[in-house]
1. Need the failing condition index for residue 99 against (1) out of contact with any Lys or Arg (no Cβ under 7 Å at 6 or more places or on another chain); (2) open to solvent by 90 Å² or more (accessible area, probe 1.4 Å), just the number.
2. Among the numbered conditions (1) in contact with a Pro (Cβ under 7 Å, 6 or more places away or on another chain); (2) closer than 18 Å to residue 31 by Cα; (3) open to solvent by 60 Å² or more (accessible area, probe 1.4 Å), tell me where residue 88 comes up short.
3. Are there any pairs with C-beta distances below 6 angstrom linking a residue in segment 95-117 that is farther than 17 Å from residue 80 by Cα to a residue that is open to solvent by 60 Å² or more (accessible area, probe 1.4 Å) and in a loop (DSSP other than H, G, I, E, B), with the two at least 6 apart or on different chains, and if so which?
4. Residue under question is residue 123, and the condition is that it be surrounded by 17 or more Cβ atoms within 10 Å (Cβ to Cβ) and of a type in the set (Lys, Arg); does it hold?
5. Anything in segment 102-116 that is open to solvent by 40 Å² or more (accessible area, probe 1.4 Å) and in contact with a Leu (Cβ under 8 Å, 6 or more places away or on another chain)? List them, or say none.
Amino acid sequence: FLLKKLEKKHEGIIHILGDQQMGATLDTAYLKKGIYNHFSYVFFISNDFKDFDALIPGGTYASTIYSGQYENLQQILPELLEFIQNRDLMPDGAPMELYLIDTHETKLHEEYLTEVQVKVKPKSE
């Protein structure tokens, strides 16, 4: 529903089907409770926007790509956060999911590809 609402707001610029990348930012308050499927907002990445609601901040990001159902995030995100911690880094913002291949391209869950990104900074900051 939120994606369709965003598509309607930016009619002519955003298209759910096509070559634009879409994603969602995970809600950190829910993540702390162990809930991995609650999002603070959804977004489209585009260079064509003259009017936009938000910018993804520049910086250094740690990322990983996983395949299969979205529920796999419960295993993947803790592994990514451990990877970050083991390199003397810490998260600098909420994790984001980028939907590389999802329900708009295939109905086969095993074909889904999702990238998880977390902006990071040195622990010393």
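The values are calculated or read from the model by the stated rules, or taken from the named source; none is laboratory data. The shown structure was predicted, so the numbers you read here are calculated from the model rather than taken from an experiment. Note that each Cβ is placed from the backbone with ideal geometry, even for glycine, and that neighbours are counted across all protein chains shown. For accessibility, only protein heavy atoms count, side chains too; no ligands or nucleic acids. Shrake-Rupley method; radii C 1.70, N 1.55, O 1.52, S 1.80 Å.
1. Here residue 99 clears every test but (2).
2. Going through the list (1) in contact with a Pro (Cβ under 7 Å, 6 or more places away or on another chain); (2) closer than 18 Å to residue 31 by Cα; (3) open to solvent by 60 Å² or more (accessible area, probe 1.4 Å), residue 88 breaks only (2).
3. So the pair list comes out as 104/17; 109/69.
4. On the way: surrounded by 17 or more Cβ atoms within 10 Å (Cβ to Cβ): no; of a type in the set (Lys, Arg): yes.
The answer is no for residue 123.
5. Step one: list which residues in segment 102-116 are open to solvent by 40 Å² or more (accessible area, probe 1.4 Å), which gives 103-105, 107-111, 113.
Once the filter is applied, which keeps residues that are open to solvent by 40 Å² or more (accessible area, probe 1.4 Å) and in contact with a Leu (Cβ under 8 Å, 6 or more places away or on another chain), segment 102-116 yields 104, 113.
One line per residue, one yes/no per condition, for (1) open to solvent by less than 70 Å² (accessible area, probe 1.4 Å); (2) at positive phi; (3) at pLDDT 95 or above:
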residue	(1), (2), (3)
12	yes, yes, no
51	no, no, no
58	yes, no, no
78	yes, no, yes
